[in-house]
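What follows is a short report on a single structure.
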Amino acid sequence: MSNHFANAFKTDLTLGDMFARLQQIGPWRWRERDNDRWDAYLSALAHDEPYWAMVKIFVEEDFYVVDVLFESDDPGAQEKYEEIRQTLFGHLLPAIEARDIEQADPRE
């Protein structure tokens with residue numbers, strides 16, 4: 001099973017503010033990243049083997065994009081995928097005061 005989705009959103013928080021808040025509330029461990037392709041962004045590994053899920057938050061000019069890539073061959077993969085979506089939409093995005101959330105094109 002492989003799922004890749006992204007959502008654009010707005011918040012009044014800076015990327016650094018989001019990082020601090022996400023680190024504080026958990027459940028995932030976030031990292032501040034920077035590279036030539038995307039500049040500054042945040043990333044978290046949402047699950048370990050046999051489930052692999054990478055969550056990234058990118059900065060755009062007037063909004064942010066959260067990008068999620070989930071992969072697993074395990075029979076329980078669909079349940080874990082739904083758990084990640086629930087954590088993201090029910091816990092993490094509200095915690096960073098995300099608003100105007102809409103579907104976006106995945107990054108990778």
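A short reminder: the numbers here are calculations on the coordinates, not readings from a lab. No experiment lies behind these values; they were computed from the predicted model shown. Using ideal geometry, Cβ is built from the backbone for each residue, glycine included, and neighbour counts are taken over all protein chains shown.
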Condition check for A53: of a type in the set (A, V, I, L, M, F, W, C) and in a strand (DSSP E or B) | yes
Condition check for E49: of a type outside the set (A, V, I, L, M, F, W, C) and loosely packed, with under 12 Cβ neighbours inside 10 Å = yes
For residues in region 1-46 being of a type outside the set (K, R), over 14 Å from the mean Cα position of the chain (by Cα) and part of a loop (DSSP other than H, G, I, E, B), which is surrounded by the fewest Cβ atoms within 10 Å (Cβ to Cβ)?
-> D36
Considering region 37-84 alone, what residues qualify as being among the β-branched types (V, I, T) and within 15 Å of A8 (Cβ to Cβ)?
-> V55, I57, V59, V65, V66, V68
Residues of region 7-23 being farther than 11 Å from I96 by Cβ and out of contact with any helix residue (DSSP H, G or I) (no Cβ under 9 Å at 6 or more places or on another chain), in sequence order, are A8, G16, Q23
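Restricting attention to region 65-108, which residues are part of a helix (DSSP H, G or I), without any contact (Cβ under 8 Å) to a residue 40 or more places away in the chain and of a type outside the set (D, E, K, R)?
I84, Q86, L88, F89, G90, P94
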Can you work out which of the residues in region 60-96 that are of a type in the set (D, E, K, R) and out of contact with any strand residue (DSSP E or B) (no Cβ under 9 Å at 6 or more places or on another chain) is surrounded by the fewest Cβ atoms within 10 Å (Cβ to Cβ)?
-> E61
